[in-house]
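The structure appears right after this line, and notes come after that.
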Amino acid sequence: CSQFPGVYQIPVEQGNQVEASQLEQLQIGMTRAQVRFLLGTPAFINRLQNDRWIYLRTVKVGEKTTESSKLSIRFDGDVVSAIETDR
Amino acid sequence: CSTLKNANRQSEAELYQTAIGHVDAARWDQAIDALEEVDSRFPFGPYARNSQLWLIYSYLKQGNEPLSRAAADRFLRLNPEDQDADYALYLKGLASFQEGFTVVSRYLPGNNYNRDPSSLLQASTDFRRLIQDYPTSPYVTDSRLRLIYTRQRLAEREIEVATFYVDRGAWVAAANRASVVIDNFPSSSAVIDALLVKAIASKALGEDELEQRALATLALNYPQYVVTGPAGYALPAQLEPTAPSLTAKMSFGLFGDQGDLGEKLALFTEARRANTALLPQQTLIPNTNVNEPRSGRNAGTETFF
Amino acid sequence: FSIADIRIEGLKRVSSERVFAALPVQAGQTYTASMGAQTIRSLFELGFFRDVTLEQDGNDLVIQVAERPAIARVVFTGNKIIPDEALRDVLRGAGVAEGEVLLQSTLDRLQTQLAREYEGQGRYDATVETRTRALPDNRIGIELDINEGQIATIGRIRFIGVEQVDVDDLRDAMELTEPGAFTFFSKRHRFNRQRLAGDVERIRSVYFDQGFARVDVKSSTVQLDPQSQTVFLTILVDEGRVYTLGDVRVAGELPPGIDNLDGDVSLTVGELYRQRDVSADAEGLKAVLGRSGFTGANVREVPEFDDQAGTVDLTYLVEPGLKTYVRRIEFKGNEVTADPVMRRNLVQLEGAVADTGKIELSRSRLERLGFFSRVSPSLKPVPGSPDQADLEIEVEEQSTGSFSASVGYSQSSGAVFGVELAQDNFLGSGNNVKFGVNKSDAVQQLSFSFFDPFLTVDGVSRGIDAFYRQTDFQEEGSSSYSIDETGVSVNFGYPISEYSRVGFSGGLLMTDLKLGANLAPGGSAAVGQITTFQTDVAGKESFTELQTGIYWQRSTLNRGLLPTDGSYQRVNFDLSIPGSDLQYYTTGYDGERYFNLAPEKAIRVRGRVAFGDGMGDLSTIPFFRNYFAGGQRSVRGYESNSLGPRSDVASGVASDPFGGNLLITGGVDYQLAAPFVDNPRSNRLSVFVDMGQVYDSRENVDLGELRASAGVAFTWITAIGPLSFSYATPLNEKTGDKTETFQFSIGTGL
């Protein structure tokens, strides 16, 4: 939107905060319920792929993105089969 | 003591007839007072049931939707198996539907359904219950039409909020609102906008696979809104984000086309919505074509044996 | 005999299902005497029947019942303290309402309930007589004759065991007091059991706040002297000792992402153990947790007392609960205001961590719009996912502007009519629209302004103003000139922080001046202004100006309409850029500050300074741009625009105000919600002191000339807009001042 010098924009914060301590406890083979207990419900509703949960996080302050991370968990049935994270 | 009983019944019938007289003359205030008196003084008399029905009708014609709804609830509670139960439920739905026309939207053109949706939600539940519980009722056809109209408005309201969050750059919020429409309002035309928003948001979140999947679903049902190219599906031209025009840059985005997505999306949905007018405006004018209770006029039977 | 069928006769009001349900006997059983007695007893227990008899009709058991009468009318007289509505609730509670069946037990229950109600109000000797009158059709009327008796007043309040705290502190804290000078108004000398219970709590909190953590208000005995209806209160207190803080710890499992909260605890070792500070700290910890998603967090204070040492080891037990996310945000109650108009003001977003700080900020932003009299956000848990909640914001809309139309005729200025519409939330769009047409003999004006606060989603605003005004001073006395002005301007603004904005504007202004021939030579200062202006512009009479302006503005007011906290300040600088026929600049500061005393009660200090000066060949700002002061919106108690230099004071002819190029106004108000209006947020009663003056900066600026006034004002927000009345008496009026004690206006006054 407009590029006024110094326009104050409210910080745009989206998605789940996943702490490092929680990430360590995440392993292959956990059930969906265990993942949900550990990391909480994924904020991003993803019904187009029911075998994949996405825990993504973005924080934008003004035009600058100060935080951006993504944790994608693939399920084989009810069990975690793959974990991709960019951290 | 029987004469006293008959005289008493006589005054009950008289009172009821005067009430019906007021109804016919569309003097709703007097009709409501008379009907309420019949109902309260002779709660078990033959006219009680009819007066409760007429009360629902009169309040609605008077434009007092909450009281009409309350009267309908009371009637349904007292006479759950009544042959006119479908009528009471239909009027209850109508009352909420009419209340959905909030003050502003009654006199304002265009889609102004982004006010408090609770009465619309109430109307859609009532109409859906009528269609399920009383499939043979004569009011089902009208209820179905209004149900489609109500749900279409609710879906469009979700899209309007999704567009706001696209403008704000809150991609998870926008995608979630779009998913609500895709899951709950699959038959409404707002699904087109929802799939587009889902594609835009997924792309912004770096989820190209999700974007393609949304556009693929859209291409399956409404191909005219998707560009299918060799590298997969793409947004329609009007939605491709463009660089802000020179005037926009010069005027810090105050004049000229800033090329931002929110505005494009709003224009797109507005244009698409214009050519899918669903209901003839006439049926939506409040409290006009409300039909009378089927068995409302003649005396009923004593109710306590 | 074995019962073939059971029939009930004589039922009128009571439904047959209810009676059958209560019957201990069924068809098919063999009837015995004991069963009969039991049936009669169980039916009587229902309470609906005056008389029950059993008869045998062949093999049928016939139960003859005579219903107790149903209540048709309830009439009560003599109740003052308890209003009719409240009394009706008490009656309904006791089962006495139209259409209910009158049970025998109801009457006695009514008696005791009413007595207790009146005792609660301090009326120990109130008496209630109940009379019943039979009515046709088996109904009954009940009449209650209430004699509320006198109020028991307090004779004396004695304290026992109060050594380490000043008794007067306790007496001040209590609501109940001994009769004194002001009790006639405050009625605090009237005894009332609820107030006494409240006072016990107030006494405890006085002790708590002085460190007496283990104080115990043993008993508060009430002796009533029946003759004089006076009450003697004795309050026994076991003070215990003062406690100071031992070590302060935060315990409980801290959620991931929050390592320690010790830094957030303000209490330190050795401080006095005051309950107020402890709960404030606990709230502080909850706020810290709430800001990072733990909106359901719970913090419990666990004190361990060491009575010998007089110290308390305090642990805050933290139970964070789940980190909650906001799934959806929904608005309720917005009949007129559109969803985006509110959503764009929210700082909390969907699909994000729930942050109580952001939710509170969003609430105050919505309040500051002035569209709503109430904004209450609440987090509703989403069924099925414990760590998600929907934020529901319920609003109550209020009228956001004013609409006035006036038609009239006055000898001096002929036909007068005016229509003025000012809406802050025009048709719920959040845009501000003003439209005014008025015509009187002296002034014909057409004005229009449109302001969109959210041209972009970040709050870049755009406003367009246009007006045409033809003012003719001929008829109004000596200084004869007339002006035709047409102007159009555009303004933009944008936020540079949460609370402050900057902006700029540009516009075109065309003025045609017709100076009357009969200008009295020399004479008053005002006429002098005209002549110097004429020489400055060398007799030119029509001017075109290109106006530009910039402003800075900061508002932390807690509400859009009738705020009670926060401040508002604005600084502006406007300049007619070179090349315009008239070159001058104007600058000004406008500010107000609210000091909140209590909910709906505040002291407000306001001030405004505006100054303008000529540039280029103008020695001062054009006289038709002068500032004026006086009237409902600047200095109450003086006629509007009547302060400042006059057109020809010398000749003593009825002189007209001429304004000046320097304006100073200000004032202090004590504001509170009027007690006699039920909705405290829709009105403001204030006692004020206003002061102000306009000067011609080229003469000496004597602050002694500042005019002041004091008075009372009342502003009330109605459907057609805020109405303001003020009654003010000038404090230092001088000869020639035009005062006006009573003033009224539509649109927010001061």
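Observations, loosely collected:
- At least 30 Å² of accessible area lost relative to the chain alone, listed for the stretch C:256-296 with a 1.4 Å probe: C:Pro256
- Neighbour cut-off at most 11 other Cβ (10 Å), DSSP loop, trypsin sites (Lys or Arg not before Pro), the stretch A:1-50: A:Arg47
- Total charge dipole magnitude, the protein assembly as shown, about the Cα centre, Cβ charges on Lys, Arg, Asp, Glu only, Debye to nearest 20: 1440
- Contact order relative to length of the stretch C:245-307, as percent, for alpha carbon pairs under 8 angstrom and 6 or more apart: 28
- 36 Å tail of the calculated P(r), chain C, as % of Cα pairs: 66
- In this calculation the C-beta distance from C:Phe714 to C:Ala115 is compared with R0 = 35 Å, giving a FRET efficiency of 0.25.
- Counts of other chain beta carbons within 10 angstrom of each beta carbon in peptide C:486-495 average 2.
- Among beta bridges from DSSP that stay inside the stretch C:319-438, the antiparallel ones total about 80%.
- Probe 1.4 Å - accessible area at C:Lys738, Å² to nearest ten: 70
- Here the calculated FRET efficiency for C:Val75 and B:Arg77, from their Cβ-Cβ distance with R0 = 51 Å, stands at 0.95, rounded to the nearest 0.05.
- Legend: residues in the stretch B:146-160 shielded by at least 10 square angstrom of accessible surface upon adding the remaining protein chains to the isolated chain (1.4 Å probe, heavy atoms) are B:Arg157, B:Glu158, B:Glu160.
- Summed over both chains, the contact between A and B buries some 2000 Å² of accessible surface at a probe radius of 1.4 Å.
- Per residue solvent-accessible surface (Å²) - the stretch C:91-214, probe of 1.4 Å: 53
- Relative pair counts by distance (%), Cα atoms of the stretch C:192-263, 10 Å bins: 15, 29, 21, 18, 10, 5, 2
- For the stretch C:611-750, the solvent-accessible area of protein heavy atoms averages 42 Å² per residue (probe radius 1.4 Å; ligands and nucleic acids excluded).
- Crossing angle, helix C:275-291 versus chain C [Cα axis fit, 0-90 degrees, rounded to tens]: 70
- Residues of the stretch A:8-26 whose accessible area, computed with a 1.4 Å probe over protein heavy atoms, drops by at least 40 Å² once all protein chains are present relative to their chain alone are A:Tyr8, A:Ile10, A:Val12, A:Glu13, A:Gln14, A:Gln17, A:Glu19.
- Cα-Cα pairs of the stretch C:312-444 separated by more than 17 Å (percent): 68
- Volume in Å³ per residue [convex hull over Cα atoms, computed for the stretch C:30-174]: 180
- Only protein heavy atoms count here; on that basis, with a 1.4 Å probe, C:Arg68 has an accessible area of about 50 Å².
- Between helix C:525-536 and chain C: long-axis angle, C-alpha atoms, 0 to 90°, nearest 10: 60
- The mean sequence distance of close C-alpha pairs (under 8 Å, at least 6 residues apart), as a share of the length of chain C, puts its relative contact order at 5 percent.
- Put a plus charge on the Cβ of each Lys and Arg, a minus charge on the Cβ of each Asp and Glu, and nothing anywhere else: the dipole of chain C about its Cα centre is then about 820 debye.
- Carbon/sulfur fraction of accessible area - chain A, other protein chains in place, 1.4 Å, %: 53
- Area accessible to solvent at C:Ser500, 1.4 Å probe radius, in Å²: 10
- Protein accessible surface hidden between C and B, which excludes ligands and nucleic acids, total in Å², probe 1.4 Å: 2600
- Carbon and sulfur %, accessible surface of chain C computed with the full protein complex present, 1.4 Å: 56
- Where only alpha carbons of chain A are counted, the Rg and the Dmax (Å): 15.8, 51
- When shorter helices are ignored and each DSSP H run of at least 4 residues is given -39500 (n - 2.57), the per-residue value for the protein assembly as shown at 222 nm works out to -9000 deg cm²/dmol.
- √(5λ) per eigenvalue of the Cα gyration tensor, the protein assembly as shown, largest first, Å: 60, 45, 40
The values are calculated or read from the model by the stated rules, or taken from the named source; none is laboratory data. Since the structure is predicted, the reported quantities are computational estimates derived from the model, not experimental observations. Positions of Cβ are generated from backbone atoms using ideal geometry, with glycine treated the same way; all protein chains shown enter the neighbour counts. Side chains are part of the model used for accessible areas, which takes the heavy atoms of the whole protein and leaves out ligands, DNA and RNA. Shrake-Rupley method; radii C 1.70, N 1.55, O 1.52, S 1.80 Å.
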